[in-house]
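Here's the structure, in structure tokens; my notes come after.
Please treat every number below as a calculation from the coordinates, not as lab data. Note that the structure is a prediction, hence the values are computed from the model and not measured. As a convention, Cβ positions derive from the backbone with ideal geometry for all residues, glycine included, and neighbour counts pool all protein chains shown.
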Amino acid sequence: MCINKKYNILILVAFACIAIFSIVFLFLTSNNLSIQNYNTELEFNGDNAYNYVQDQLDIGFRIPGTEERKESAQYFISKFLEIDSNFTYIIHNFTVYTTECQNILFKANEEYDNVIILGAHYDSRAKATRDPISENRSKPVPGANDGASGAAVLIELARVLYGQKDNLSSEIWFLFFDAEDQGGNGILGWDWIEGSEQFVNDLDDFYDSATENIESMILLDMVGGTNLQFINEQYSTSSLLEELFAIGRNLGYTNEFPSNPVSRSIIDDHIGFLDLGIPSADLIINFWDNPSWPYHHTTEDDISHISNYSLEVTGRTIEQFVYNNYITDTNYNYQGNRPWDVDMSIPDMQIIILLGLIFGFAGVAIIITLSIKKFVKKKEVNV
Ligand code: 1BN
Ligand code: ZN
């Protein structure tokens, strides 16, 4: 082969390598979803949700195995029956060791075979293991944010979305988990997320997987704290969480859905659903290092650190999400990510990154080698 032809082929190979590197780079960095929300008046009311938080606190500590935990389950049932006395609900009984626990599932729009799950845990933690005062660490957590806030938003969402159910093309589950929050010595020997794991194990008892499809699961955990700032929760399906952030920001909630959110991986009630391949996202505050809300697992997780505005921001973002994706108005120009494919596993991602880097380096190396060769040759000719 003549030198010129060889040279051209190498240049082509170099550019191909750089192109592959660029595609991988763009693929990894392209997460700016622009959304035009469905234009409608949102009805979710933060004051109502705040009252539902207070109602749960008035019941007492909702620790698994206590009368108060049972009473709070009855409270949810009474609130849903206020919305419609025929609201479908199923109590999922299970035990952790010998303690009797209950997840509560409410279903709206059951005639549809595509399902969206809105979930929250409602148990409160038995011990305030992160309290700054050591005597308090054996006391229970009031769980105003960690437990009651998510459950309160679900009740208000049920009221609002039930009113719109004839305009929505999806079945909606409102799912209250027991026994989420007792890991790390909350109750000795218990793990985190016991309730949702047992629900997922029994999932086939609640729907017909041959004819019905669970399209997504959105978890609300600690969504009512003052100074709300959601994190980029790393187990969550990125296209789903990204869409929720885009919707929230579009509604003007740019402090709550920051453009550069803190990234953390949280073991929470969405994990079991992700393990089944159901796209799932956890809306949760920044509660760990340098937290925007510093009362997590302390006795100060009480009503004084709850904001009706934070509850409203969360509720309205979910309300808007449901309209964007399921409104039957055909004039709306949908711009979301549905269907939200679950993310690739971490090893898959690592292989892609590695291949991208290899191709990138190979391309640059080829170009540098050719340039040096050309330069040397030119010099030789000149000599
Ligand atoms: C979330 C809210 N979690 C508990 N309350 C999950 C969690 C698991 C938090 C491990 C910290 C550590
Ligand atoms: Zn907790």
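Size of the dipole of the chain about the Cα centre, Lys and Arg at +1 and Asp and Glu at -1 on the beta carbon, nothing else charged, in debye to 20?
3140 debye
According to the square roots a ≥ b ≥ c of the eigenvalues of the Cα gyration tensor, what is the shape class of the chain, taking rounded for a/c under 1.5, prolate for a/b larger than b/c otherwise, and oblate for the remainder?
prolate
Placing +1 at every Lys and Arg Cβ and -1 at every Asp and Glu Cβ, with all other atoms neutral, what dipole size does region 170-238 have around its Cα centre, in debye to the nearest 20?
In total the dipole reaches around 380 debye.
What residue among Gln56, Gly183, Val160 has its Cα farthest toward the positive end of the dipole of the chain, where the charges are +1 on Lys, Arg and -1 on Asp, Glu, each on the Cβ?
The Cα lying farthest towards the positive end belongs to Gly183.
Under DSSP H, which helices of the chain have Cα atoms covering 24 Å or more of the helix axis and a Kyte-Doolittle average no less than 0.5?
Those that clear 24 Å and a mean of 0.5 are 3-29, 346-382.
Restricting the count to DSSP beta bridges whose residues both fall in region 181-303, what percent are antiparallel, rounded to a multiple of 5?
Expressed as a percentage, antiparallel bridges in region 181-303 total about 10.
In the chain, with Lys and Arg counted as +1 and Asp and Glu as -1 at Cβ, which of these residues, Gly360, Ser345, Ile133, has the Cα nearest the positive end of the dipole, that is, farthest along it?
Gly360
What ranking do 224-236, 280-292 get when scored by the average of other Cβ atoms within 10 Å per residue, highest first?
Answer by packing, highest mean first, reads 224-236, 280-292.
Counting DSSP beta bridges with both partners in the chain, what percentage is antiparallel, nearest 5? Mind showing how you got there, number by number?
On the way: 17 of 37 bridges.
Among the beta bridges of the chain, antiparallel pairing accounts for roughly 45 percent.
What pairs in Lys70/Lys139; Lys79/Lys107; Lys79/Lys139; Lys70/Lys107 have C-alpha atoms more than 24 Å from each other?
Over 24 Å apart, Cα to Cα: Lys79/Lys139.
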